[in-house]
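Below you'll find the structure, written out as structure tokens, and then a few comments.
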Amino acid sequence: MQSFSLNINANFNNDPFCDELIKSLSDDEDDDNYNEQKADNDVQISHMNEFELNHNYDHEDKKRNDIIVDEDEDEDEELSVHHPTTNDEESDSDQHDSSDDEEEEEMMIDYDKNLVLDKDISIATMLNKYGYKNVTKLCYTDQGSVWRAKSPKKFGYQSVVIKIASKLHYDHDKNTPSEHENILNEIELLQKINGQLNECNCDEIKNSVIRVIDTFETMDNYLVILEDGGIDLFNFVNECHQQISNEKIVVNEWQNTMKIIATKLIKLLNFLHTKMSVCHLDISLENVLISNIKWIQYLDESTNCYKKKLSPDFELRLIDFGAAQCFHIDINGDANMDGNGNNII
């Protein structure tokens, strides 16, 4: 194209038409060069865009791979950190289990902490295992001991008294005691008396003998669970004498109370002798319980001071039938022990 334009310039110099033609051809040449350059630029830009796009893809892939690697590393770190945490958790779990066991043991240990003798602690622990709580020892007996406790649910969580007799005092072949008291005989008599009292129409006598709630035995002991009949008459009388000394109880009112107590006991003993053919053989203030104690305050006219007296609706219960015996009256009017002819009078 360039050689052609030079030839035109040589042959048609100073010709206006030729000048115009040459100019037009030059412009076309410039346009072609521009278009070629533009096409080259577009191709170059296209290559650059493709490179950048590929570069971006590579960068994104690399970034994604880095993220995955980081996640894997984090997981590995979490796993590596998790293992000792698991051991700690297992240790905490073991400690929690051991603490639970200790709490259960503490819950099972529910007796008087003042107990010192191993024998007493063993008995209290045994009662706890049978469901009895708040176990306290009341006293020793010739054959064992007496305890107070709160009964398990099956007996209504009531306060009960537990009498325990060691099997060392009994002939294992005959289950007979080597001494005059016999807890097995006592259980049998009480159950018999309780059954008769349930049919009694006299309310004053109906609740006058302690009731058996349950009985069981262990390898070492016989146990009888009795209702809690209150304070024994011996301690109650001593307390009342102290209040008489302090001028809170008037002597003549106390004498009236003692008449009521004596009357109730006589009616009870008459029932046992005539209806049950049972002789207690161990009547004492310690073996009579008093409950439903209510004091009445009143103004004493002689001293113009307030005094108190016992309400007559208190209840008495006879306990400790360990030495009691059944008897029958023969045709001669003699009272003999039941089962043998030994006279008891």
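Does Leu168 count as open to solvent by 20 Å² or more (accessible area, probe 1.4 Å) and either modelled with pLDDT of 95 or more or over 22 Å from the mean Cα position of the chain (by Cα) (or both)? Can you show your working first?
On the way: open to solvent by 20 Å² or more (accessible area, probe 1.4 Å): yes; either modelled with pLDDT of 95 or more or over 22 Å from the mean Cα position of the chain (by Cα) (or both): yes.
Yes: the conditions hold for Leu168.
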Checking Ile345 against (1) at pLDDT below 95; (2) open to solvent by less than 70 Å² (accessible area, probe 1.4 Å): exactly one of these is not met. Which one? (2)
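If I ask for residues that are polar (S, T, N, Q) and assigned to a loop (DSSP other than H, G, I, E, B), which ones from the stretch 110-137 would you list?
Keep residues of the stretch 110-137 that are polar (S, T, N, Q), which gives 114, 122, 125, 128, 134, 136.
Asn114, the sole residue that qualifies.
Give me a count of the residues in the stretch 220-237 that are open to solvent by 40 Å² or more (accessible area, probe 1.4 Å) and either under 25 Å from the mean Cα position of the chain (by Cα) or touching a residue at least 12 places away in the same chain (Cβ under 8 Å) (or both). Spell out how you get there, then give the answer.
First, the residues of the stretch 220-237 that are open to solvent by 40 Å² or more (accessible area, probe 1.4 Å): 220, 228, 231, 234-235.
When the remaining residues are screened for being either under 25 Å from the mean Cα position of the chain (by Cα) or touching a residue at least 12 places away in the same chain (Cβ under 8 Å) (or both), the result is 220, 228, 231, 234.
Adding up the residues that qualify gives 4.
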Out of the residues in the stretch 183-219 that are polar (S, T, N, Q) and in contact with a strand residue (DSSP E or B) (Cβ under 7 Å, 6 or more places away or on another chain), state the one that is most open to solvent (accessible area, probe 1.4 Å). Gln191
If we scan the stretch 256-267, do we find a residue that is within 27 Å of Tyr157 (Cβ to Cβ), out of contact with any strand residue (DSSP E or B) (no Cβ under 7 Å at 6 or more places or on another chain) and in a helix (DSSP H, G or I)? no
Output the residues belonging to the stretch 113-157 that are loosely packed, with under 15 Cβ neighbours inside 10 Å and either in contact (Cβ under 8 Å) with a residue 24 or more places away in the chain or more than 23 Å from the chain's Cα centre (by Cα) (or both). Val116, Leu117, Asp118, Lys119, Asn134, Thr136, Leu138, Cys139, Tyr140, Asp142
Hits in the stretch 288-302 - residues which are touching a strand residue (DSSP E or B) at 6+ places or on another chain (Cβ under 8 Å), over 19 Å from Ile260 (Cβ atoms) and open to solvent by 50 Å² or more (accessible area, probe 1.4 Å): Leu299
Restricting the search to the stretch 271-325, which residues are closer than 30 Å to Gln191 by Cβ and assigned to a strand (DSSP E or B)? Val278, Cys279, Val288, Leu289, Ile290, Ser291, Glu315, Leu316, Arg317, Leu318, Gln325
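The values are calculated or read from the model by the stated rules, or taken from the named source; none is laboratory data. Since the structure is predicted, the reported quantities are computational estimates derived from the model, not experimental observations. Note: ideal-geometry Cβ built from the backbone for every residue, glycine included; neighbour counts use all protein chains shown. Accessible surface areas use protein heavy atoms only, side chains included; no ligands, DNA or RNA. Shrake-Rupley method; radii C 1.70, N 1.55, O 1.52, S 1.80 Å.
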